[in-house]
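K.L.:
Below is the structure I would like to discuss, written out as structure tokens.
Just so it is clear, none of the values below were taken in a lab; they were calculated from the coordinates. Since the structure is predicted, the reported quantities are computational estimates derived from the model, not experimental observations. Methodologically, a virtual Cβ is constructed for each residue, glycine included, from the backbone with ideal geometry; neighbour enumeration extends over all protein chains shown.
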Amino acid sequence: MLQTQIIKTTYFYEQQRMLQPWLWVLALAASLVLIGIPAYGLYTQLVLGQPFGQHPMSDAGFIILAVFAFLIAIGLPWLLYSAHLTVWVSDEYIHIRYFPFVRKRIPLRHIDHAGVRVYHPILEYGGWGVRMSLRGRGWAFTVGGNRGVQLHFKSGKRMLIGSQKPAELLNAIRQQKAEGWKPEPGEV
């Protein structure tokens with residue numbers, strides 16, 4: 001028996017990672033502190049037999065706290081390394097995958113109009129990542145940079161998708177949503 005499969009075509013694909021050096025410096029510095037202080041405290045309290053701090057914990061409590069701190073110290077750089085934003089446009093959807101947190105599929109039919117724009121990540125969204133705007137601009141999915149595609153939905157909501165190739169992303173969206181497309185205000 002012959003089976004027919006529908007193969008979804010991908011018209012745009014982009015994967016971005018958090019590669020900002022300052023972010024890695026902060027994460028590694030925080031990890032060193034999370035490892036260094038408990039390690040010193042464990043050595044002082046368990047090996048030297050001197051209580052660590054003004055209000056020392058029990059040995060068992062301190063060991064549990066140190067293990068927890070070590071896990072965070074290892075988990076923070078791992079999370080930074082593994083986190084990435086993948087965006088692709090298929091026949092009917094924009095797919096957003098912000099590993100390991102979010103997986104979203106946006107029907108193209110829900111989009112009223114869109115456009116490429118420069119944004120201010122810290123002022124508008126409080127930084128990069130999966131963010132909600134404090135200024136009513138909707139959700140943002142970004143990993144770095146300051147360019148993206150602003151989507152305006154028929155419901156009145158908005159969403160920003162950060163991209164290193166915003167014109168290509170917008171073109172792919174427009175190609176798949178050719179019918180009923182409204183240009184961005186001020187666009188020819």
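K.L.:
Which value in deg cm²/dmol, rounded to the nearest 500, describes the helix-derived mean residue ellipticity at 222 nm for the chain, given -39,500 (n - 2.57) per DSSP H run of n ≥ 4 and division by the residue count?
P.N.:
-11000 deg cm²/dmol
K.L.:
Enter the angle in degrees (range 0 to 90, nearest 10) between the Cα long axis of helix 21-42 and the first principal axis of the Cα atoms of the chain, meaning the one along which they spread out most.
P.N.:
30 degrees
K.L.:
Now, a different point. What residue among Ile37, Val143, His55 has its Cα farthest toward the positive end of the dipole of the range 1-145, where the charges are +1 on Lys, Arg and -1 on Asp, Glu, each on the Cβ?
P.N.:
So the residue furthest toward the plus end is Val143.
K.L.:
With r as the distance between the Cβ atoms of Leu71 and Lys154 and R0 = 35 Å, compute the FRET efficiency 1/(1 + (r/R0)^6) and round to 0.05.
P.N.:
With a Förster radius of 35 Å, E is 0.20.
K.L.:
Among (i) 17.1; (ii) 19.6; (iii) 17.8, which one is Kirkwood radius over Cα pairs in Å computed from these coordinates?
P.N.:
Only one option fits the structure, namely (ii).
K.L.:
Between helix 59-82 and the chain, what is the angle of the helix's C-alpha long axis to the longest principal axis, kept within 0 to 90° and rounded to the nearest 10?
P.N.:
The angle comes out near 30 degrees.
K.L.:
With charges only on Cβ, +1 for K and R and -1 for D and E, what is the dipole size of the chain about its Cα centre, in debye, rounded to 20?
P.N.:
580 debye
K.L.:
Moving to a separate point now. Please list the non-local residues whose amide H lies under 5 Å from the amide H of Leu160, H modeled 1.01 Å from N, same-chain partners needing a gap of 5 or more.
P.N.:
Trp139, Ala140, Phe141, Leu151
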